[in-house]
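See below for the structure under consideration.
The values are calculated or read from the model by the stated rules, or taken from the named source; none is laboratory data. Owing to the predicted nature of the structure, the values given are computational and were not obtained by experimental measurement. Methodologically, a virtual Cβ is constructed for each residue, glycine included, from the backbone with ideal geometry; neighbour enumeration extends over all protein chains shown.
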Amino acid sequence: MLEVNQIHTYYGASHILFDVSLNIQDGEVVYCLGRNGAGKTTTIRSIMGLTPPRAGSIKLRGEEIAGKAAFEIARRGIGYIPSGRRIYPVLTVRENLTVAMKPPIGKEETPWTVERVYDMFPALKLLDTHRGLMLSGGELQMLAIARTLMGNPKLLLMDEPSEGLSPLVLKGLGERLQQLRAEGITVFITEQNVKFALDLSSRGYIIDNGRIVYEGTVDELQANEKIKSQYLAL
């Protein structure tokens with residue numbers, strides 16, 4: 001699905017990512033863990049074309065996308081759910097969804113519609129006419145995910161989806177994401193909440209100071225006390 005090979009990304013003169021490489025297969029949920037400021041968000045922004053790498057390669061299904069504009073990358077089937085949600089506050093829930101609607105890339109696929117999204121997130125159906133500014137943090141996160149699904153992405157990039165959510169709300173969000181995984185949607189998730197990320201994922205990476213310092217399955221990471229203590233403060 002996605003292959004990132006030795007990318008270097010900068011903010012101005014500041015070198016943020018160093019030789020970052022990772023890959024994501026069809027249908028996987030892959031974690032990217034690390035402390036605040038480690039480079040997780042920059043990795044996602046690099047893939048999405050919002051902060052393009054100055055060197056290295058990013059391929060989506062074999063096609064080079066490094067250097068393309070973010071809207072071109074989105075059209076190729078990558079959906080981005082940013083930290084902070086960034087929904088339209090003055091639009092209703094339904095309007096937020098319909099404004100993001102676009103047809104699926106493959107004609108054989110079942111498209112995401114408002115009603116299909118409401119089946120996945122029943123709480124949003126009850127909020128159909130509520131404006132974005134009236135929603136709670138958990139409702140905003142559900143809407144951000146649902147809005148991205150309306151674009152029929154092949155791959156979801158999720159940046160810190162658990163941020164600011166209570167344990168109860170987080171449990172419900174995790175259940176919805178498990179449903180998406182069961183439907184075969186490919187997800188790359190960056191998180192500081194280690195348990196939340198590992199409950200959803202099969203394997204992944206740890207990034208520290210802009211470099212990938214660990215790669216392994218969830219079981220391998222769970223068993224590696226040295227790595228958890230050194231990079232995740234667990």
inquiry  = Against the condition at pLDDT 90 or above, among the aliphatic types (A, V, I, L, M) and in contact with a Phe, Trp or Tyr (Cβ under 6 Å, 6 or more places away or on another chain), how does ILE207 come out, does it pass?
reply    = no
task = For GLY37, state whether it is more than 23 Å from GLU220 (Cβ to Cβ), modelled with pLDDT under 95 and touching a Lys or Arg at 6+ places or on another chain (Cβ under 8 Å).
result = no
ask   = Name the pairs whose Cβ atoms lie under 7 Å apart, with the first residue in region 28-41 and free of Cβ contacts under 8 Å to residues at least 60 places away in the same chain and surrounded by fewer than 20 Cβ atoms within 10 Å (Cβ to Cβ), the second charged (D, E, K, R) and in a loop (DSSP other than H, G, I, E, B), and 6 or more positions between them or separate chains?
value = none
Which numbered condition MET158 misses (of (1) surrounded by fewer than 17 Cβ atoms within 10 Å (Cβ to Cβ); (2) of a type outside the set (Gly, Ala, Ser); (3) in contact with a helix residue (DSSP H, G or I) (Cβ under 9 Å, 6 or more places away or on another chain); (4) not in a helix (DSSP H, G or I)) = (1)
ask   = For GLU139, which of the numbered conditions (1) surrounded by 15 or more Cβ atoms within 10 Å (Cβ to Cβ); (2) more than 22 Å from LYS40 (Cα to Cα); (3) touching a Lys or Arg at 6+ places or on another chain (Cβ under 7 Å) fails to hold?
value = (3)
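Yes or no, residue by residue, for (1) surrounded by 15 or more Cβ atoms within 10 Å (Cβ to Cβ); (2) under 13 Å from the mean Cα position of the chain (by Cα); (3) part of a helix (DSSP H, G or I):
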position: ARG45; (1), (2), (3): yes, yes, yes
position: PRO53; (1), (2), (3): yes, no, no
position: GLY56; (1), (2), (3): yes, no, no
position: SER83; (1), (2), (3): yes, yes, no
position: VAL90; (1), (2), (3): no, no, no
position: GLU95; (1), (2), (3): yes, no, yes
query = When you go through LYS107, LYS68, LYS59 one by one, which is the residue that is modelled with pLDDT under 90 and under 21 Å from ASN152 (Cα atoms)?
reply = LYS107
request  = For residues that are aliphatic (A, V, I, L, M) and in contact with a Phe, Trp or Tyr (Cβ under 8 Å, 6 or more places away or on another chain), tally how many sit in region 102-142.
outcome  = 2
task = Could you check ARG61 against (1) assigned by TED's automatic domain parsing to the domain that holds TYR205; (2) surrounded by 15 or more Cβ atoms within 10 Å (Cβ to Cβ) and say which number it fails?
result = (2)
task = From the list SER46, SER83, pick out the single residue that is modelled with pLDDT of 95 or more and under 28 Å from GLU220 (Cβ atoms).
result = SER46
message = With the condition being within 19 Å of the chain's Cα centre (by Cα), within 21 Å of THR42 (Cα to Cα) and touching a residue at least 24 places away in the same chain (Cβ under 8 Å), I'd like the helices (runs of 4 or more DSSP H) fully within region 191-234 carrying at least 1 qualifying residues.
response = 194-200
Subset tally (residues that are over 18 Å from VAL213 (Cβ atoms) and either touching a His at 6+ places or on another chain (Cβ under 6 Å) or assigned to a strand (DSSP E or B) (or both)) for region 1-43 = 7
